[in-house]
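Notes follow once the structure below has been shown.
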Amino acid sequence: MTIASTASEIEYSGDGSSTVFAIPFPFDTSADLRVYLTDSDGNPAILSSGFSVTGGGGSTGSLTMTTAPAVGETLTILDDPERTQPVDYVANDAFPAETHEAALDRCTRLSKRLYQLIQQCLRVSDGDPSRGSGATLPTVASRKGKFLRFNSSTGAVEVADVSTTVGAISQSIIAALLYPQSTGEAAAGATPTDYSGTYVDVLRFGATGDGSTDDSASVQRALDVSLLTGQRVHFPSRNRNGQTVYRCNGVRVYANTHVTADHGVIIEKNGGAAFTNIFNATSTLGTATALTANGTKGASSVVVTSNSGLSVGQLVLIRDATYKFSTSGRNLELNEIDGIAGTTITLRNRLIGNYATASTAELVPVTTPARKIKFENVQCRVPSGGTGGAFYFQEAYDCDVVNSGCVGMEDQGGVQTWRSAYIRIRGGRYADGQNQSTAGKGYGISFGEASHHCQAIGVQTTNVRENAFGANVRHSQFIDCIAVGSYDNGFNSHANGVEDCDVVNCSVYSSRSFGFVAGFTGSNAADKRIRFINCRSYDSGSYGFWTGADVGRENEDIEFIDCVAIRPGVTSGNNYGFLISRCTRPKVINPRVIGSSANERAGGIFEVCTDAYLKGGEVRDVTSGWGWIHQQCTGVTIEGLRIQDVGSNQGVYGPATASTKVVVRNCRVNNDTPFTKNSGDIVEGIEYDTKRQSNRGAASSVADGGTITHGLVSTPTNVRCTTSVAGEFVSVTSVGGSTFTVAIKKHDNTAGTSQTVHWEAEV
């Protein structure tokens, strides 16, 4: 049989349904086949089971998979004959041509396989003088802890020490770019300054840290050197017992840079226009290539017009020309290239959005990426009357801000992200934002403009405007954070298409407006799937928790889980612990509202909602309002809510603008008018008086046969009294709906002394 010179292998792309795959090349047995299944991330796995083979015996055949390869997976089948010679020639026996040809075919297939393996290796070309012994690896003992290089004279393979060689390379780069020498100096053997220490010290590059000199150029020079050497950039203290102030603005931080500072060091913004920042981690974008097919949410690859200029590991921006509103909130995300097969680009992470070719979907390479940048223990300040912030990330990826902070930011946040991903802020304090009016900025932490997978963990903000998710921000979180004295709100999703974001274990103290917000009136797009989990609002000026929107832009799936509002509405009237407005499928699980203000209208309200749901929780001490209100809703379920001490108003109230499809069940209300039941409402399992209702006091000047007002909503079942005069006794003789009567006696059963009686009553 004739054996083709082409490689005996074939690849198939999985489609989730096909299980039978042709083997177009000859093979002997299934043992001679090597089968690989490569996942969507490009990781191959050799298969020893899960398939069956037909054909062979020197012919083609087919392979049947037990489970169809999924979309994104690749099935590879190749001929890999065992290195054996199975034909046994017997002396003086027949020499059949078929048997002989089969043996030669097997040898040819083995040769093809060996050639294929050689093609996958590094090789010395024919005629190269270094071939032979010169291309042989040094011994194990001599190459341990070293790396391979080629001799500068002979080109032969040799080993070299890593630190020595890299240090020499780094020094030569620094000398050439930052300390150029004249021909005469070079000939004289002049040596550049050695910067091979553990970090790049900004003082060694001309920074003063005197609090008045503009150190921007010197700091930038240190950052440039760090790009070459890989060393961290450090701001040292010049004053052991006080502050050292470096003044700079608008310095650019490159990939893989680690910036640190000593305790007591302040980096102060030195002038600059509005919307400028001290540190800028900003990427540079290359030329876009169009997508030839729609990018689909959840997909692990995209197809582009051309792969020119693209490489595995490269950071890319995937986007189209749609916006959540106007020219903000563009539909985009950052990702990494994990594999390239022609024009099919495999991505490290699955797409979180949809990208339409009809809307100019494209892939944009990031040519100078701001990635793997870290700020640690870096304290910044914007002086009074200044503008800008501290840490700005644009098209940045996989960066950290650790135990750092900023005071006095304006027009920006202390940390601001813009079209960035996987930015993590851990610890630190951001305080005293300037111009905190509704027209100003002064944010603490602001995740903005289509950023995704960002986190703020354990951060405290004090006297800032608010902490926010901005336009089209997705998959981001505030966790274990505290906001004190916010001008506006503590934490705000800020509407305009925020999706799949969480605020977890966060507390807001004395916010001027709301504690926690999802959505906004005046929004341009609905917020979706925002969750507030185990969050606490104390002494908010208005609502503790709020979600709202304009008509036609209703928010969706906003959840409040195990959240607490204590004393909401301390500065304005008609407020709620929870106001849930214009929302589809809102959920409030185990809320707690503890009031004390005359401004509180109710523990919470559902208004103009669809399929609103509340389960569990408690509302108490809303002495001038209702427990929970619903109005103009389609579908309301309230179950297991405990309401006590809401004055003379109703526990669950549906006003004249009634909701439809209302279910109220298994609630406990200690009120004479516990609920409103409109036509069609289902109300069941209600306990009108909670069994734990109790009161106590000290009634003065009570005489024998006197009465005491107990203040309970129904006749108490248990009343206990004690006297204040030694040797005298008190007993309860009758109990009514509003008072009870006592007898006060001496030991001889005569009337006792008028006195203060201490009492406790409960239902």
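Laboratory data are not the source of any read-out in this text; all were calculated from the coordinates shown. Note that this is a predicted model, so its numbers are computed, not measured. Ideal geometry is used to build each Cβ from the backbone, glycine not excepted, and the neighbour counts take in all protein chains shown.
What to note about this one:
- Antiparallel bridge percentage (DSSP; both residues within the range 694-762; nearest 5): 100 percent
- Going from the residue with the fewest nearby Cβ atoms within 10 Å to the one with the most, LYS745, LYS528 rank LYS745, LYS528.
- Overall shape of the range 694-762 was characterised from the C-alpha gyration tensor. The equivalent ellipsoid obtained from it has semi-axes of 21, 11, 9 Å, in decreasing order.
- Counting charges near ALA726 (Lys, Arg +1; Asp, Glu -1) among other residues having Cβ under 15 Å from its Cβ returns a value of +1.
- Entries of LYS324/LYS528; LYS269/LYS372; LYS374/LYS528; LYS615/LYS661; LYS324/LYS372 with Cα pairs more than 21 Å apart: LYS269/LYS372; LYS374/LYS528; LYS324/LYS372
- Euclidean distance of C-alpha centroids, the range 483-538 and the range 704-763, integer Å: 51 Å
- Proximity of backbone amide H atoms, modeled 1.01 Å from N, is registered between VAL662 and VAL636, ILE682 at under 5 Å, excluding neighbours fewer than 5 places apart on the same chain.
- Cα-based shape type of the range 284-368, given that a ≥ b ≥ c are square roots of the gyration tensor eigenvalues and the cut on a/c is 1.5: prolate
- Protection proxy ranking, peptides 10-23, 608-621, 458-471, 227-240, average beta carbon neighbours within 10 Å, highest first: 458-471, 608-621, 227-240, 10-23
- Listed peptides 418-430, 750-762, 658-670 by packing density, highest first (mean Cβ within 10 Å): 418-430, 658-670, 750-762
- Rough spin-label spacing in nm, given labels placed 7 Å along Cα→Cβ, for SER62 and THR367: 5.1 nm
- Cross-link partners of LYS297 among aspartates and glutamates (Cα-Cα below 12 Å; sequence separation of 8 or more within a chain): GLU333
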